[in-house]
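A quick write-up on the structure given underneath.
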Amino acid sequence: MDVTTFLARFWGSLFMLLGLQALLVGLIRRTIEMTEERAVTVSTGYITFLLGLATVILHNVWVANWTVSVTLLGWTTPLKGFTKIGFPEHVHRQAQMFRSLDRVWGGVIFLLGAWLFWMSVQ
């Protein structure tokens, strides 16, 4: 299995599971509530940063096909982690915008994951 396939399956599976949890048990709403705790936001920021950094190191491929989505995901993830670590109050304010559409965003996350996984098995 090449790196692109592995990362697409990894991120796709993760997004499908998180999307389902968001749709079935309100995971996004609970996550938004947790952003009130600065320590939680910073801690998850380190995890997010490390996952994104690993993705960037393993897959920094700029091509004109679907695999660039793994690269874009890789680059946006450490940026999100950096923001969570350095600016947790901003993350909390930003998260409030997603509160009313948490189920919609859960569906979007699930569909993105399904697409990534589907592309990895083609």
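For Gln21, are the conditions met, namely being over 12 Å from the mean Cα position of the chain (by Cα), polar (S, T, N, Q) and modelled with pLDDT of 95 or more? Yes: the conditions hold for Gln21. Among residues of the stretch 26-43 that are touching a residue at least 40 places away in the same chain (Cβ under 8 Å), those with a Cβ under 9 angstrom from a residue that is among the polar types (S, T, N, Q) and loosely packed, with under 15 Cβ neighbours inside 10 Å, sequence gap 6+ or separate chain, pair up as Ile32/Gln96; Thr35/Gln94; Thr35/Gln96.
Among the residues making up the stretch 71-80, a single one is touching a residue at least 40 places away in the same chain (Cβ under 8 Å) and either out of contact with any His (no Cβ under 8 Å at 6 or more places or on another chain) or exposed (fewer than 13 other Cβ atoms within 10 Å of the Cβ) (or both): Leu73. When each of Ile109, Ile85 is tested for being among the β-branched types (Val, Ile, Thr), buried (at least 17 other Cβ atoms within 10 Å of the Cβ), under 18 Å from Ser43 (Cα atoms) and in contact (Cβ under 8 Å) with a residue 40 or more places away in the chain, the lone residue that passes is Ile85. For the stretch 60-110, the set of residues classified as in contact with a Phe, Trp or Tyr (Cβ under 9 Å, 6 or more places away or on another chain), within 30 Å of Gln122 (Cα to Cα) and of a type in the set (Lys, Arg) consists of Lys80 only.
The values are calculated or read from the model by the stated rules, or taken from the named source; none is laboratory data. Please read these numbers as outputs of a predicted model, since none were measured by experiment. Glycine gets a Cβ as well: all are built from the backbone with ideal geometry, and neighbour counts include every protein chain shown.
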